[in-house]
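Worksheet: one structure, shown below.
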Amino acid sequence: MGINILGTGCCLPEQKLSNNDFCRFIDTNDEWIRTRTGITERPMSGWEPTWYLGLNASMQAVERAGIDPKEIGLVIGCSVSSDFLTPSMASIIQHKIGAVNAAAFDINAACTGFVYALDTARRFLDTDSSLKYVLVVAAENLSRFVDFTDRSSCILFGDGSAAAVIERSEKLYSSHLASDGSGANLLFARSMDVAEEIKTDKEFETEFADMPLHKLYQNGKEVYKFAVQALPKSFELAAEKAGITIDDIDWFIPHQANVRIIETAAKKLGVPMDKFIITLDHYGNTSSSSIPLALNEALEKGIIKRGQKLALIGFGAGLTYGGIIIEY
Ligand code: COA
């Protein structure tokens, strides 16, 4: 059983930060950021809460799907930067869009969140025939906990949200989800309520032990090494399950972290770069929102056509990774 994407939507904060804007508070320059990452600007929230971005993306997806919100049976949210530890972002959005008959919960699989959430949605649709539509919404305000004194990480991330309404279908579908928790300390941010025990937490002790609490820490080089393995591996494992080859895929929609990661993966897979949807130049890395934002933009531009095969591939903190192959 596969899925049919009925409609997608997105919401971006009003303000953007260009590479040059960072020169005002860290020692960097536009050329370094562009050549090392491919990013030129990224949306950055001011007043907008995460749920608000998610709500607007969801309303657009529901409107484009042309469905009644009352027919949505499940809302799955994904975020690493929710406004609340509880309730879930999904519950807030479920209420505000009038999806009164829906269950709601959030998933945190970091930048692989949308891939995990979409696959979870498909599994619900497969096992519950009373379920008609599922809304999957990713929303992130990474700027809330990015360390703006760490020049190698703060320039990477952006804020934004994207959503999709799906139903079951008989189209091609396969997925592979994975996690390697041995790399959990390579990319992490602590919860807000950690006290003094942080000092003796050997598991997560790093060379950045003195960094401000609750900020995002990453070992960029190790995460890079992981990402260039995880991207092709996720695709290969999902393709194997689907019984298809690289040539059968029309569009690759990878997590948008760094264009050099995507170029390296493309080379490994033997796929030309023009089969990859790239949006990181103007969105940066928006964690779980990055794949649906790229999907939404490619659909808005008419790049992706009905019947084409897509590979959505994520990787991120956890370390999680995973790929989904779908027919649009
Ligand atoms: N501006 C200018 N110089 C910078 C800089 C910046 N924003 N950030 C780092 N540098 C400097 C470093 O201090 C270093 O200087 P040094 O040689 O004098 O010590 C130099 O640039 C090279 O740094 P390095 O860390 O080797 O750069 P890199 O090519 O590995 O790129 C990342 C760094 C973070 C862009 C890269 O490792 C990366 O993308 N990693 C993956 C991160 C990621 O995707 N995380 C999210 C995953 S979901």
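The values are calculated or read from the model by the stated rules, or taken from the named source; none is laboratory data. A quick note: this is a predicted structure, and the numbers were derived from the prediction, not measured. In this analysis, Cβ positions are derived from the backbone assuming ideal geometry, glycine residues included, and neighbour counts consider all displayed protein chains.
Given the criterion touching a Lys or Arg at 6+ places or on another chain (Cβ under 9 Å) and surrounded by 23 or more Cβ atoms within 10 Å (Cβ to Cβ), identify the matching residue among 235, 252.
252
Looking at (1) at pLDDT 95 or above; (2) in contact with a strand residue (DSSP E or B) (Cβ under 6 Å, 6 or more places away or on another chain), can you tell me which one residue 235 breaks?
Every condition holds for residue 235 apart from (1).
Residue-by-condition table, conditions (1) in contact with a strand residue (DSSP E or B) (Cβ under 7 Å, 6 or more places away or on another chain); (2) modelled with pLDDT of 95 or more; (3) within 16 Å of the ligand (Cβ to nearest atom); (4) among the β-branched types (Val, Ile, Thr):
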position: 228; (1), (2), (3), (4): no, yes, yes, yes
position: 239; (1), (2), (3), (4): yes, no, no, no
position: 245; (1), (2), (3), (4): no, no, no, yes
position: 252; (1), (2), (3), (4): yes, yes, no, no
position: 255; (1), (2), (3), (4): yes, yes, yes, no
position: 260; (1), (2), (3), (4): no, yes, yes, no
position: 263; (1), (2), (3), (4): no, yes, yes, no
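Could you tell me whether residue 178 is at pLDDT 95 or above, part of a helix (DSSP H, G or I) and either in contact with a strand residue (DSSP E or B) (Cβ under 9 Å, 6 or more places away or on another chain) or on the phi > 0 side of the Ramachandran plot (or both)?
no
Please work out which one of (1) within 22 Å of residue 177 (Cβ to Cβ); (2) in contact (Cβ under 8 Å) with a residue 40 or more places away in the chain is the condition residue 217 fails and give its number.
(1)
Considering only residues that are surrounded by fewer than 17 Cβ atoms within 10 Å (Cβ to Cβ) and among the aromatic types (Phe, Trp, Tyr), which ones fall in the stretch 1-55?
25, 32, 47, listed by residue number.
So which residues in the stretch 86-118 are part of a helix (DSSP H, G or I) and either aliphatic (A, V, I, L, M) or surrounded by fewer than 23 Cβ atoms within 10 Å (Cβ to Cβ) (or both), if there are any at all?
89, 90, 91, 92, 93, 95, 96, 110, 115, 117, 118 - these are the residues of the stretch 86-118 that are part of a helix (DSSP H, G or I) and either aliphatic (A, V, I, L, M) or surrounded by fewer than 23 Cβ atoms within 10 Å (Cβ to Cβ) (or both).
Output yes when any residue across the stretch 129-139 is modelled with pLDDT of 95 or more, farther than 27 Å from residue 245 by Cβ, within 16 Å of the ligand (Cβ to nearest atom) and in contact with a Gly (Cβ under 8 Å, 6 or more places away or on another chain), and no when none is.
Yes, the conditions are met somewhere in the stretch 129-139.
I'm told residue 107 meets every condition in (1) over 28 Å from residue 254 (Cα atoms); (2) out of contact with any Lys or Arg (no Cβ under 7 Å at 6 or more places or on another chain) except one. Can you identify the failing condition by its number?
Of (1) over 28 Å from residue 254 (Cα atoms); (2) out of contact with any Lys or Arg (no Cβ under 7 Å at 6 or more places or on another chain), only one is false for residue 107: (1).
Condition first: among the polar types (S, T, N, Q), under 22 Å from residue 119 (Cβ atoms) and under 16 Å from the mean Cα position of the chain (by Cα). Can you find one or more residues in the stretch 257-274 that meet it?
no
Check off (1) in a helix (DSSP H, G or I); (2) touching a Phe, Trp or Tyr at 6+ places or on another chain (Cβ under 6 Å) for residue 83 and give me the number that stays unchecked.
Of the numbered conditions (1) in a helix (DSSP H, G or I); (2) touching a Phe, Trp or Tyr at 6+ places or on another chain (Cβ under 6 Å), the odd one out for residue 83 is (1).
In this structure, is residue 129 of a type in the set (Gly, Ala, Ser), under 26 Å from residue 326 (Cβ atoms) and touching a helix residue (DSSP H, G or I) at 6+ places or on another chain (Cβ under 6 Å)?
no
When the residues of the stretch 140-160 are filtered to those that are in a strand (DSSP E or B) and in contact with an Asp or Glu (Cβ under 7 Å, 6 or more places away or on another chain), which remaining residue is nearest to the ligand (Cβ to nearest atom)?
Looking at the filtered set, the residue picked out is 140.
Please pick out the residue among 300, 263 that is surrounded by fewer than 19 Cβ atoms within 10 Å (Cβ to Cβ) and either under 27 Å from residue 53 (Cα atoms) or aromatic (Phe, Trp, Tyr) (or both).
Matching residue, one of 300, 263: 300.
Being touching a Ser or Thr at 6+ places or on another chain (Cβ under 9 Å) and of a type in the set (D, E, K, R) is the filter; apply it to the stretch 137-159 and report the residue that is surrounded by the fewest Cβ atoms within 10 Å (Cβ to Cβ).
Applying the filter and picking the extreme gives 151.
I want to confirm something. Restricting to the stretch 305-319 and keeping residues that are buried (at least 24 other Cβ atoms within 10 Å of the Cβ) and under 18 Å from residue 251 (Cα atoms), which single residue is nearest to the ligand (Cβ to nearest atom)?
Across the stretch 305-319, the extreme among qualifying residues is 315.
Could you please tell me which pairs satisfy a Cβ distance under 6 Å, a separation of 6+ or placement on different chains, a first residue in the stretch 245-261 that is among the hydrophobic types (A, V, I, L, M, F, W, C), and a second residue that is at pLDDT 95 or above and within 9 Å of the ligand (Cβ to nearest atom)?
Close Cβ pairs satisfying both conditions: 257/285; 261/227.
May I ask you to list the residues in the stretch 270-296 that are away from the ligand (no atom under 16 Å from the Cβ) and crowded, with 20+ Cβ neighbours inside 10 Å?
277, 295, 296
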